[in-house]
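What follows draws every value from the coordinates through simple rules; no lab data is involved. Quantities reported herein were computed from a predicted structural model and do not represent experimental measurements. With ideal geometry, Cβ positions are generated from the backbone for all residues, glycine too; neighbour counts draw on all protein chains shown.
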Amino acid sequence: MILPLIQKRRSIRKYRSKAVEPDKISALVEAALRSPSSMGYNPWEFVVVDDPKLLDTLSNAKPQGSAFIKNAPLGIVVCADPEKSSVWVEDASIACIFIQLTAESLGLGSCWIQIRERMHDQTKSAEAYICETLNIPKKLKVEAMIAIGYPDEQKAPRPKEDLLYGKVHQNLYGKPHKG
């Protein structure tokens, strides 16, 4: 059952210096490639990064929220081709969560780093910075980077009573869900 995995998953930003094994990287790639996409167009593409120098460079993609990928042993940059699908953002986002849930199932931690519509500095987007760094073709759009590694921090699952059940409606908006 997947619900216990979802309940346990938390965003991890601190990683041990242990490399992610090739078979686990292969499983993450397979999960990404199995993620659903609108009409089966599969507009996503992925750049798997395990080079510490590149991870260090990627950590500077934006002023806040990307620095911790420097200490992750693995990063996956999730891109998509907007010419293949008008809902490439959704398709790439689904691939991101497939990667994150697979990482959790493998005993790895992960954290989403939003790139689309974020700036590197006042003149360059985070996307342009990453595309230059990784030689990504201009036709592709970068949705996110996923930092992955063995957790070096423990986070308890969020308590069920803290979930925002007030945002769930039954049949009509405004009618509380009977859950």
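Our coupling estimate for the stretch 83-92, obtained by passing each phi through the Karplus curve with A = 6.51, B = -1.76, C = 1.60 and θ = phi - 60°, is 6, 8, 7, 6, 10, 4, 4, 5, 4, 5 Hz, Gly and Pro reported as x.
Taking a sphere under 14 Å around the Cβ of PHE98 and counting the other residues whose Cβ falls inside, with K and R at +1 and D and E at -1, yields a net charge of -3. Couplings for the stretch 101-110, taken from phi via the Karplus curve 6.51 cos²θ - 1.76 cosθ + 1.60 with θ = phi - 60°, read 5, 5, 4, 4, 5, 9, x, 9, x, 8 Hz in order; Gly and Pro are left as x. For the stretch 153-170, backbone phi angles converted through the Karplus equation (6.51, -1.76, 1.60; θ = phi - 60°) give residue-by-residue couplings of 8, 10, 10, 6, x, 5, x, 4, 5, 8, 5, 8, 5, x, 8, 10, 10, 10 Hz, Gly and Pro being listed as x. Consider a paramagnetic label point 7 Å from the Cα of VAL89 along Cα→Cβ; state which residues of the stretch 122-165 have an amide N under 16 Å from it. Correct set: 126-127, 141-145. Treat the chain as a sphere of radius equal to its Kirkwood radius over Cα pairs and apply Stokes-Einstein at 25 °C in a medium of 0.890 mPa s; give the translational diffusion coefficient in µm²/s, rounded to a whole number. For the chosen part, D equals 142 µm²/s.
Taking every alpha-carbon pair under 8 Å whose residues sit at least 6 apart, the chain reaches a relative contact order of 30 percent.
If the cut-off is 27 Å between C-alpha atoms, which lysines fall inside it for LYS175, apart from same-chain ones fewer than 8 positions away? The qualifying lysines are LYS160, LYS167.
Holding the Cα-Cα limit at 20 Å, pick out from LYS8/LYS53; LYS70/LYS139; LYS70/LYS138; LYS84/LYS139 the pairs that are longer than that. From the list (LYS8/LYS53; LYS70/LYS139; LYS70/LYS138; LYS84/LYS139), the Cα-Cα distance tops 20 Å for LYS8/LYS53; LYS70/LYS139; LYS70/LYS138. For the stretch 18-68, rounded, prolate or oblate, judged on the Cα gyration tensor with a ≥ b ≥ c (square roots of eigenvalues), a/c < 1.5 rounded, else prolate if a/b > b/c? Cα axes put the stretch 18-68 in the oblate bin. The residue list ALA61, HIS169, SER35 was ranked by how far each Cα lies along the charge dipole of the chain toward its positive end, using unit charges on Cβ atoms, and HIS169 comes out on top. Calculated mean residue ellipticity, 222 nm, the chain: -9000 deg cm²/dmol, from DSSP H runs (n ≥ 4) at -39500 (n - 2.57) each, averaged per residue and rounded to 500. Partners of LYS124 within straight-line reach, counting aspartates and glutamates whose Cα lies under 17 Å from its Cα and excluding those fewer than 8 residues away in the same chain: GLU132, GLU143.
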